[in-house]
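Working notes, structure below.
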Amino acid sequence: MLLTTRAFNTLLYARYPYLTRRYRRKFGKPPNYANPSLYSEKVQWRKVFDRNPLFPLFLDKLEVRHHVARTAPGLRLPELLWSGSDPLAIPYHSLGNRYVIKPNCRSGDWHFVLSAGDIDREVISDKCRRWMISPHGKKLREWGYSRVKPRLLVERLLCPDSGDNRLQDFRFDVFDGCVRMITVTTAQIADTRRTPLSLDTFYDRNWQQLPFIKPGRQSRTPPPLKRPSQLENMIAWAEQLGHGLDYVRVDLYLVENDTYFSELTVYPGSGLQMSRVSPEPDLAAVDDFDSFMGGHWKLPEMPRHTMVYRALLG
């Protein structure tokens, strides 16, 4: 062995001080980069070592549309109204009233337009320019984003015809092509932001609710949601998109019984959100969320000398 696990981790702590500090702050200990077992550690491993050429494709919100059309035919895509690189070229006059503007190269950034009153060209242009020039994921070593050429896109807003501004976001954790967990978030679109209405609820593939909560927001698991009629189709699409991958999160929207693609996520929460999820105290079905998720994830095999090379190369 080129380096012992302890020596290799010491090298990585020195090589990635910011990432290590952020992890330690969240979890109270540094990550085991060399031999990870927890889900949160395996996301760090992927960020540092895995250079799967598909990752930039998945993270590019424009290019991934072509991949989805080929891989999961029948899965709807939100209507693309415009794409380009210059925010001053956005054709507001022809877009209608309900759409979302977002960058192709970032996660968690958007500007919702629900009416003409939400259009402030100067504010939107400034926001778009910041998106385009600020490298996403650089500090947290999310390599895939560094290979995405920044662009802008405008999509038709996915909301029921009734005018209800709520969206149900279904997130499928797919390990080795098999859905192991489903997280459902209901969000309210208001003004130019998205505001959660309720806590995330967690399910297995058979729609059995899992006993997880987000500490600090609620002390008990929320009431179970009705099993969606499209669940089997959504699982099939998620597994088609996750086929051949050790892990990917497939996000889908359900709008009035129609399923739409949202995104493919390869670094969910940058692996730093597990500290916000825990089992409900008086339920012992699963004793640790991070271990539960990590137990499903078998990382690809990689020689230690390759890991050392990629760690040092950055």
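The values are calculated or read from the model by the stated rules, or taken from the named source; none is laboratory data. Owing to the predicted nature of the structure, the values given are computational and were not obtained by experimental measurement. Heads up, the Cβs are rebuilt from the backbone with ideal geometry, glycines too, and the neighbour counts pull from every protein chain shown. Surface accessibility is based on the protein's heavy atoms, side chains included, excluding ligands, DNA and RNA. Shrake-Rupley method; radii C 1.70, N 1.55, O 1.52, S 1.80 Å.
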* Heavy-atom accessible area per residue, the chain, 1.4 Å probe: how many Å²? -> 48
* To do: Could I get the Rg over Rh figure for the stretch 67-134? Both from C-alpha atoms, Rh via Kirkwood, rounded to two places.
  => 1.00
* Structure fact -> Taking Cα atoms only, helix 304-313 is inclined relative to the longest principal axis of the chain by an angle, in degrees rounded to 10, of 50
* Nearest 10 degrees, 0 to 90: what angle lies between the long axis of helix 5-15 and the longest principal axis of the chain (Cα atoms)? -> 50
* Within the stretch 112-161, list the trypsin sites (Lys or Arg not before Pro) lying in a DSSP loop whose Cβ has at most 13 other Cβ atoms in a 10 Å radius. => K138, K139
* **Distance between modelled label sites at R121 and R70, nm, 7 Å Cα→Cβ extension** => 3.9
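Evaluate the charge dipole of the stretch 1-66 about its Cα centre and quote only its size in Debye, nearest 20, assuming +1 on the Cβ of each Lys and Arg and -1 on the Cβ of each Asp and Glu.
360
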* Structure fact -> Taking the dipole of the chain about the Cα centre (Lys, Arg +1; Asp, Glu -1; charges at Cβ), the one of N35, Y145, W131 that reaches farthest to the positive side is N35
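Please give the charge dipole size of the chain, origin at the Cα centre, charges +1 on K and R Cβ atoms and -1 on D and E Cβ atoms. Round to the nearest 20 debye.
1420
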* In square angstrom, rounded to the nearest 10, how much accessible surface does V100 have for a 1.4 Å probe? -> 10
* Of the options Q168, Q230, T20, report the single residue whose Cα projects farthest towards the positive end of the charge dipole of the chain (beta-carbon charges: Lys, Arg +1; Asp, Glu -1). => T20
* Please give the solvent-accessible surface of H305 in Å², to the nearest 10, using a probe radius of 1.4 Å with every protein chain present. => 120
* Say R0 is 22 Å: what FRET efficiency, to the nearest 0.05, do L299 and S146 get from their beta-carbon distance? -> 0.55
* Structure fact -> So the carbon and sulfur contribution to the accessible area of the chain, 1.4 Å probe, in percent, is 50
* To do: Please calculate the 1.4 Å probe accessible area of K298, with all protein chains present, and give it to the nearest 10 Å².
  => 140
* Evaluate the distance, in nm, between pseudo-label points positioned 7 Å from the Cα of L62 and of N206 along their respective Cα→Cβ axes. => 4.5
* If we count GluC sites (Glu not before Pro) as exposed when they sit in a DSSP loop and have at most 14 other beta carbons within 10 Å, what is the longest stretch of the chain that avoids them all? -> 80-255
* Structure fact -> Put T4, T71 in order of accessible area, largest first, probe 1.4 Å, and you get T4, T71
* **Anisotropy class of the stretch 100-183 from Cα gyration tensor, a/c 1.5 cut** => oblate
* Virtual spin-label span in nm between K138 and R6, 7 Å along Cα→Cβ -> 3.7
* Asked: Taking only pairs that are 8 or more places apart or on different chains, how many Lys pairs in the chain have Cα atoms under 12 angstrom apart?
  -> 6
